[in-house]
1. For the structure I just gave you, tell me whether His130 is outside any helix (DSSP H, G or I) and in contact (Cβ under 8 Å) with a residue 60 or more places away in the chain.
2. Residue check: is Leu87 out of contact with any Pro (no Cβ under 9 Å at 6 or more places or on another chain), surrounded by 15 or more Cβ atoms within 10 Å (Cβ to Cβ), farther than 25 Å from Asn172 by Cβ and not basic (Lys, Arg)?
3. Report yes if some residue within the range 70-89 is of a type in the set (S, T, N, Q) and more than 17 Å from Gly205 (Cα to Cα); otherwise report no.
4. Condition check: outside the structural domain of Val164 (by TED's automatic domain parsing), under 23 Å from Met174 (Cβ atoms) and of a type in the set (Gly, Ala, Ser). Does Gly19 satisfy that?
5. Step by step: first the residues of the range 45-59, then only those that are in contact (Cβ under 8 Å) with a residue 24 or more places away in the chain and surrounded by fewer than 16 Cβ atoms within 10 Å (Cβ to Cβ), then the one that is farthest from Val69 (Cα to Cα). Which residue is that?
6. With the checklist (1) more than 28 Å from Leu17 (Cα to Cα); (2) surrounded by 14 or more Cβ atoms within 10 Å (Cβ to Cβ) in hand, flag the one item Thr110 doesn't pass.
7. Quick one: Glu25 ticks every box in (1) touching a residue at least 40 places away in the same chain (Cβ under 8 Å); (2) closer than 30 Å to Glu209 by Cβ except a single one, so which number is it?
8. Can you tell me which condition Arg90 does not meet? The list is (1) assigned by TED's automatic domain parsing to the domain that holds His193; (2) at pLDDT below 90, and all the others hold.
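The values are calculated or read from the model by the stated rules, or taken from the named source; none is laboratory data. Bear in mind that the values here come from a model prediction, so they are computed numbers and not experimental data. Glycine also receives a Cβ, built like all others from the backbone with ideal geometry; neighbour counts cover every protein chain displayed.
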Amino acid sequence: MTSSGLNIITTLRQMILTGELQAGERLAEIPIAERLHVSRTPIRIAFRALEQEGLLTKLPRRGYEVRSVSAIDIEGAIEVRGVLEGLAARQAAENGLSQQQVDEMKMLLTTGDLLFADAVFTEADVESYHHMNQRFHQLIIEAAKNPAIQAALTRNAHMPFASVNALAIDKNNMQQEAKRFAFAHQQHHHVFHAISAQQGARAEGIMREHAHATLGFDRNYHKLEQRGALTIFSQPL
């Protein structure tokens, strides 16, 4: 996926998160493309991706509709992801990492460190973080050598904000976002050290907590719930 395509998906995901696109609202390619000043092609791709994430529902004729999703839905899906990735980290620690996996993880950690080396954190940095983060998590899954974990994560990824790829970014507050992602990246370092030292229980605990950190779920939930602006965190219909 191109960086522009990823940016469109991230933008639409954040618009749903904040309630700018409300539950039950119908979305069509042309109006959204005009609104975001892009062509219809990246919008079409974004709609399909967000449907896979469980944020949009495809309508029988044309277009999509924003799904109504409760806080319970999101909390449950993120908790399941944490359990599954925690299990993967524990089994990776028990199995031990290959030298190739160690080298690649170290390279990814260095890549992440460079993103937070100065005070500037841009949308391009978010895209770099996305790719680094995706591969880091996948390496842990691979090191677990348990195909059932990957299969379960794939099914769970269809729940809203449950996928490791479902980053929601507040582009109006990039300084705060930098702190959030920097914290999540420090957890990458901690889980790598735990897995390398074959500390299975510690690696599992860090990964379970990490499932919440990348999304910044608790911060967004409490902040937006208080002002009543979050469509998807409303009570279930």
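1. Values: outside any helix (DSSP H, G or I): no; in contact (Cβ under 8 Å) with a residue 60 or more places away in the chain: yes.
Here the answer is no, as His130 does not meet what is asked.
2. Details: out of contact with any Pro (no Cβ under 9 Å at 6 or more places or on another chain): yes; surrounded by 15 or more Cβ atoms within 10 Å (Cβ to Cβ): yes; farther than 25 Å from Asn172 by Cβ: yes; not basic (Lys, Arg): yes.
Judged against the criteria, Leu87 is a match.
3. At the first step, the residues of the range 70-89 found to be of a type in the set (S, T, N, Q) are 70.
Still in the list and also more than 17 Å from Gly205 (Cα to Cα): 70.
Checking the range 70-89: at least one residue is of a type in the set (S, T, N, Q) and more than 17 Å from Gly205 (Cα to Cα).
4. Numbers: outside the structural domain of Val164 (by TED's automatic domain parsing): yes; under 23 Å from Met174 (Cβ atoms): yes; of a type in the set (Gly, Ala, Ser): yes.
It is true that Gly19 is outside the structural domain of Val164 (by TED's automatic domain parsing), under 23 Å from Met174 (Cβ atoms) and of a type in the set (Gly, Ala, Ser).
5. Filtering first and then ranking leaves Leu59.
6. The one condition Thr110 does not meet is (2).
7. Failed condition: (2).
8. (2)
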